[in-house]
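*Asks:* Just passing along the structure, written as structure tokens.
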Amino acid sequence: MEYPQPQELTIDEPLEPVAKPCSQCGDDAVYRYRLVNYRGWLRVVKCRSCLHVESSELIIAPPQGVS
Ligand SMILES: [Zn+2]
């Protein structure tokens, strides 16, 4: 299966598949991962197919080298 390239250029975290389909497009290309944006660190659950964000929350910046 091929997925579109990520839109964020800041991804450096492994993608964690989420075992439920996207609520917008029904695709199962939904992943949970962390990213950094202007607000700081976020943990998001996002569809890689239609880019719908299922959820996002601000998190404490993870320490380097620890997950
Ligand atoms: Zn979707």
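The values are calculated or read from the model by the stated rules, or taken from the named source; none is laboratory data. If you're wondering where the values come from, they're calculated on a predicted model, not measured in any experiment. Here Cβ is always computed from backbone atoms with ideal geometry, including for glycine, and neighbour counts include all displayed protein chains.
*Asks:* For residues that are exposed (fewer than 14 other Cβ atoms within 10 Å of the Cβ) and touching a residue at least 12 places away in the same chain (Cβ under 8 Å), tally how many sit in the range 14-23.
*Replies:* To start, the set of residues in the range 14-23 that are exposed (fewer than 14 other Cβ atoms within 10 Å of the Cβ) comprises 14, 16-17, 19-20, 23.
Retained after the next criterion (residues that are touching a residue at least 12 places away in the same chain (Cβ under 8 Å)): 14, 16-17, 23.
Total satisfying the criteria: 4.
*Asks:* Exactly one of (1) within 16 Å of the ligand (Cβ to nearest atom); (2) at pLDDT 90 or above is unmet by residue 7. Its number?
*Replies:* All conditions pass for residue 7, except number (2).
*Asks:* Residue by residue through the range 12-64, note down the ones that are among the small types (Gly, Ala, Ser), within 16 Å of the ligand (Cβ to nearest atom) and not in a strand (DSSP E or B).
*Replies:* Step one: list which residues in the range 12-64 are among the small types (Gly, Ala, Ser), which gives 19, 23, 26, 29, 40, 49, 55-56, 61.
Filter once more, keeping what is within 16 Å of the ligand (Cβ to nearest atom): 19, 23, 26, 29, 49, 55-56.
19, 23, 26, 29, 49, listed by residue number.
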